1. How big is the stretch A:3-104 on each of its three principal axes, counting only the C-alpha atoms and giving the largest first in Å?
2. Report the FRET efficiency, 1/(1 + (r/R0)^6), for residue A:156 and residue B:200, where r is their Cβ-Cβ distance and R0 is 45 Å, rounded to 0.05.
3. What distance in nm lies between label points placed 7 Å from Cα along the C-beta direction at residue A:106 and residue B:59?
4. May I ask you to derive the FRET efficiency for residue A:286 and residue A:256 from their Cβ-Cβ distance with R0 = 22 Å, giving the value to the nearest 0.05?
5. Compute the distribution of all C-alpha to C-alpha distances in the stretch B:4-120, in bins of 10 Å from 0, and list the percent of pairs in each, rounded to whole numbers.
6. By the scheme Lys and Arg +1, Asp and Glu -1, what is the net charge of all other residues having a beta-carbon under 15 Å from that of residue A:9?
7. If you count, for every residue in B:189-196, the Cβ atoms of partner chains within 10 Å of its Cβ, what is the mean?
8. In whole Å and largest first, what semi-axes does the C-alpha gyration tensor of the stretch B:131-224 yield when each eigenvalue is scaled by 5 and square-rooted?
Amino acid sequence: MKPSAFLKDRSLLLLLHLSCMALLAGFLHITGYPAANILLICALWSLILGAWLFVTYLQRKKYFQEAAQILEHMDKPYLLGEVLPDSWHLEDKLYRDMLRRSNKSVIEEIHALEDAMQEYREYLESWVHEIKTPITGISLLCENGRKAVSAELSDSTTKGINRLLRDITLENNKIENYVDMVLYYARSGQVHKDYLIRETDLQEIIYEVLGKERLLLIQNHVQADVSCPDKVFTDRKWISFIINQLILNSIKYRSDAPVLHFYTQRDKNSVTLTVEDNGTGILPEEMPRIFEKGFTGSNGRDHEKATGMGLYLCRKLCDGLGISLSAQSEYGQGTKMLLTFPLSSYITATDLD
Amino acid sequence: MHYKILLIEDELLLRKELTILLENAMYQVIAPESYRNAPEMAVSEKADLVLLDVNLPDCNGFDLCTGIRSATDIPVIFLTARTDSMDELIGILKGADDYITKPYQPALLLARIGAVLKRTAKGRTNWEATLLSHKNVTLDIAACRLSCRERSLDLTKTEMKILHLLFLHAGAFVARTNLVEYLWENHIFLDDNTLSVHVTRLREKLRSAGLSDFIETKRGMGYRI
């Protein structure tokens, strides 16, 4: 609040005083009052007025500075109406009251939105859980069907049926993966509410994921080797989802003879899991953006199936779990995805003993 | 001696297909339609393992688990579509031995069941044969060795698994894709071409032991012993 602005705001009051002063001076002059006395009266009047304005200015300035400071430090600025400093001015009170009422409606709207979102997320989750039952049903039907027909392989129709069932299983696995992505996306905002950190055998997790995707991997002539003796502390289902996404990426951008390597390396305070492929790799200029939402890059555009969600989700989930996720790649040679799991110093100490 | 599994699942299709899957894997399955008295049934049927769905209409799998636990200490595996950590934690606290989320991979499900049974079966003899014979040739799975008359051959893990599947289907052709899938299920992740390399090497080994043409190849069909 500048003094000039304050004076401008009080210009009507100043004008009133000046005209009153002029009228009084004129009246006194007509009645034959000495000019020197009139001047003295006017000077005194101005002094009192000036002092009054000065004090008012300081008070208002202090009031608004205080309010501005409160606003700046507030966690939720829309609650300002509740915490404004006290004031005896009528206008302040009226404004404050209006501010409160307006904020209340904003808060109500926010709550309504939060509720709607919560409801939406809950429905989404329950839907995902429901859809999983038929997905499981299809997968079991295919598996049992293949077992039932594979006994007599000589028949060419049997082979046809086998291929058909395998293709259905493959498509079913894709559905499963997309459904999982929805679920994890819905939950990614609140990772902290939904994890169960346990000592986790990465080797076992990778075996499970490779087993789950084996039809797709075999179809693409993938070879893999796993050497992950180091244990980490993390949530099993989140980490298997992340590793699954990384494997699917490697398959999407594969070379003619794809090979996957999984290995862990233990440092003083961390364990790093590397998922290495010999696929197309990532262009250096696109490297900084691969974890962005919706980024598909030139690789992704060549492969029409890229959604730009996979790595974005991985990064988001990793952030929530305290895992650092980074990528190294040489274009045309392959890609390494590095997952670094922290180890607490306590664990390191006991392990060293 | 076959293990007996009590399957509690409300979904008709899943119950039927799971029963087939488990029976194919040489388990004896009891899949009752009503499951209210599951704890008593587990005891009276002398089940070796209970597969328990969490989301049952009109009653809760967790409560059934509590009931089973208070009656007997047979292993329980939860099957569930819910993936909350909270549910998983409750499952563990209720005394479940494992917790498998839908959609489960059939191979994975069988592996988990096998692992739990192996861990919990006390004093039971392993009914799975470790010695397989065909045409005077014996495969010793535990020792990873093939023997024919007085001669014996040491096998690599991959070669042993290849022979294992062929022995299990002795006399019939085993398709290459089935062989690759079997290897993947056993944590050997190789592709079709590498399989050919391994089979060629295995043949060479067999020939040196005087067993040429033990493995028969038919184009487009696969292998047979």
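FYI, it's all coordinate maths here, none of it is from the lab. All values reported here derive from a predicted model rather than from experimental measurement. As a convention, Cβ positions derive from the backbone with ideal geometry for all residues, glycine included, and neighbour counts pool all protein chains shown.
1. Here the spans come out as 66, 21, 20 Å, largest first.
2. E(calc), rounded to 0.05, equals 0.95.
3. 5.4 nm
4. 0.45
5. 14, 53, 32, 1
6. +3
7. Details: counts 15, 6, 10, 4, 3, 3, 0, 0.
Taking all residues of B:189-196 together, the mean is 5.
8. 20, 14, 13
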